[in-house]
Amino acid sequence: MSHPADAVPGFPTARIPSYCGDLPVEVILLSQLGHGAGDHLHAEASMRQRAHPGFVDELDEPSARVASPDFEQGERSALYTFAVGNGGHPFHRHAGHRVFTAVTGSAGARLRFSTASDAQLAQDPAHFIAALHHVDLPADCLSTVRFGGGTWHQFAPLQEGSRHPVLFALSCHTDELGGLDKEPLRDEVLAGNATLAILTETLPDTVQAWLSRHPLDAASIPTTRLSLHAPPGSWQQRLCAALRSHAGRVRAVLSTWCGSLGFVVRHRPPVEALCTPPAGSLLREHLPRHHHEDTFRLRLRGDIGRNAQASVLLADVLEGFLTQRPTGVTQLMRLRNALVRPLRLRTSPLGCPVSSLLSPSREQLFAGRYPVLGQQVATDGKRAQVLLGADDRHLVFRSCVGVQINEDSVDITLGTRVQCRNAFGRFYMAAIDGVHHRYISPSMLRMTVDNLMRQHAPSALAQGVFA
C-alpha cells in the first residue's frame, strides 16, 4: 500500500524514537549525487581501503581505522571507514555512540534499526521485531546517521539479489571507550588495537534462533522512505533509479582502472637561489673565469641537526643524489645523452651537477664511498662539503655540495660553476642554462633533501612542519 509523500524543506529526515527509551535513531538525507556515483565511490574507496595499513575484513563489513584516539592527550574519538557490499551484513551493535556519513550504491539501501534493550530481549525475543524500523534511501545519495550505543542495526540492499553495493561510509566514534565495561575489550582499545570487528557484537543466539523460526515480513515493518527531487515510488523516481542502476555498473568497472594510489602535496621549505657560493665554499677556489654559476640552498628548521654530524648528513645527501632521482631530470638526461653521444661528449644518467659521483675513480673518496675532487669537514662537525666535477671536450664544471649545521637550522647547498672551452661549449650552455637553473638543480636538491628527512626526521616530513 502506497502512502502520500510529504514535501519538506531542507534535508529529508527520519527520526525513530527508541523502543526502550534511549536515544532516537536519526537518518538525514543530504544530497543526491550524479548517476552511478555511488557504485563508483564504493569501488574506488573500497580499493583504497584495502590498501590502508589498518584494513580489516570481518563480519561482511570491510573497514579501516583512518584516525586513532590519543588517550594521553585527551582525544577519545576515532574515525573508521567501512563498506557494505551487495549482500548486506548481519545485525549487530556497538557499545558506544555512533555518527557516520555514507554514500549509497546505485540501487539504494535499506537501513534496519531495532532499539530493543537487553532486558526486553531476555524477556521475549519478539521485542526485537516490535522495535524494528526500516529507513529506505535512494540510489547515489549522501546521508548521515546518528544513534546511541546498543542500537541493533543492519544495512541491506533495497532489492534482494541486487548486484549493487549497499553503501560506503565514514564513521565517527565520538568516544572510543564509550560503553566499554568489559576489561579485556577496554584494555585492547587503550592499547591501540581497536578495530570495528572487535567493537562489534552480533545478535545473541536466542534472538537469532527466534528470528530463524519467525522470518521477517518486510511489508509489515514500519518503513520511512526518504528521497530527493521526486516522491518515493513515483514514475520519475523509478525511471531515475533504473538509469542510476545501469550507470553505476559502468562507473564501478571504470573506477577499478585508476588504481589505489593517492597523492599528497605538503608544505616544503623553499629552494633558494643564492647570488654567490656561501662564504668558505670550496667552489670559490675553482674556475675563477667561469661562464656560468649558480648556487641553491634548502634550509631545514627543527631538530634535525641537534645531535647530528654534518659529515653524516652530507653522506646521506650524496646517497640521495644516487638513489632518489627526479623522473623529469632522468628523462632530460636520456635525451641529452642521445643527442651528444655522436659528438663523443661525456654521458651520465645522473644530473650533470653530481654526475661525477658515478666516476670509477677511487683516488679520493668521501665517507669511504663517494668519489670526489676535494672535501672539507670542520673539526667541530658542524660543516662538511665536497667538490665534484669533470672535464669534457666542450666545458669544465665543478660542483660543491655542502651541509652547514646552524643553531636552529641546517643548510644544504648545491652550487655549480662552468667554464666553456670553445664556441660549442658556449652554445651548449646557452641552450641548457634556463632549464638547469630553474629545474634541474633545484629538483635534485629538493628530492635528496626529502630523502634525508625521511631518514632523520620522518615525522616532520610526514606533517610538513620542518619549514
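Within segment 297-306, does at least one residue satisfy the condition of being in contact with a strand residue (DSSP E or B) (Cβ under 9 Å, 6 or more places away or on another chain), modelled with pLDDT under 95 and of a type in the set (Gly, Ala, Ser)?
yes
Could you check, for segment 331-338, whether at least one of its residues is under 28 Å from Gly280 (Cα atoms), in contact (Cβ under 8 Å) with a residue 60 or more places away in the chain and of a type outside the set (Ser, Thr, Tyr)?
Scanning segment 331-338 turns up no residue that is under 28 Å from Gly280 (Cα atoms), in contact (Cβ under 8 Å) with a residue 60 or more places away in the chain and of a type outside the set (Ser, Thr, Tyr).
Any residue at all in segment 259-277 that is surrounded by 20 or more Cβ atoms within 10 Å (Cβ to Cβ), modelled with pLDDT of 90 or more and in a loop (DSSP other than H, G, I, E, B)?
Step one: list which residues in segment 259-277 are surrounded by 20 or more Cβ atoms within 10 Å (Cβ to Cβ), which gives 277.
Applying the additional criterion that residues be modelled with pLDDT of 90 or more yields 277.
Narrowing the set further to residues that are in a loop (DSSP other than H, G, I, E, B) leaves 277.
Within segment 259-277, one or more residues are surrounded by 20 or more Cβ atoms within 10 Å (Cβ to Cβ), modelled with pLDDT of 90 or more and in a loop (DSSP other than H, G, I, E, B).
What are the residue pairs meeting all of these: first residue in segment 9-33, first residue in the same structural domain as Phe147 (by TED's automatic domain parsing) and more than 20 Å from Ala119 (Cα to Cα), second residue among the acidic types (Asp, Glu) and assigned to a loop (DSSP other than H, G, I, E, B), Cβ atoms under 7 Å, and 6 or more apart or on different chains?
Close Cβ pairs satisfying both conditions: Gln32/Asp140; Leu33/Asp140.
Taking the condition at pLDDT 90 or above and either assigned by TED's automatic domain parsing to the domain that holds Thr200 or of a type outside the set (A, V, I, L, M, F, W, C) (or both), does Leu59 pass?
Answer is no for this residue.
Looking at Pro157, is it modelled with pLDDT of 90 or more and in contact with a helix residue (DSSP H, G or I) (Cβ under 7 Å, 6 or more places away or on another chain)?
No, not satisfied.
I'm checking my understanding of the structure. Among residues of segment 41-88 that are charged (D, E, K, R), closer than 22 Å to Leu142 by Cα and in a loop (DSSP other than H, G, I, E, B), which one is nearest to the chain's Cα centre (by Cα)?
Glu61
Val465 - would you say it is of a type in the set (A, V, I, L, M), at pLDDT below 95 and within 16 Å of Arg268 (Cα to Cα)?
yes
I want to confirm something. Restricting to segment 87-114 and keeping residues that are out of contact with any Pro (no Cβ under 8 Å at 6 or more places or on another chain) and hydroxyl-bearing (Ser, Thr, Tyr), which single residue is modelled with the lowest pLDDT?
Per the criteria, the residue is Ser106.
Have a look at Gln309, Gln324 and point out the one that is surrounded by fewer than 19 Cβ atoms within 10 Å (Cβ to Cβ), closer than 27 Å to Gly368 by Cα, in the same structural domain as Asp380 (by TED's automatic domain parsing) and within 27 Å of the chain's Cα centre (by Cα).
Gln324
Within segment 89-106, how many residues are touching an Asp or Glu at 6+ places or on another chain (Cβ under 7 Å) and assigned to a loop (DSSP other than H, G, I, E, B)?
6
The values are calculated or read from the model by the stated rules, or taken from the named source; none is laboratory data. Since the structure is predicted, the reported quantities are computational estimates derived from the model, not experimental observations. Positions of Cβ are generated from backbone atoms using ideal geometry, with glycine treated the same way; all protein chains shown enter the neighbour counts.
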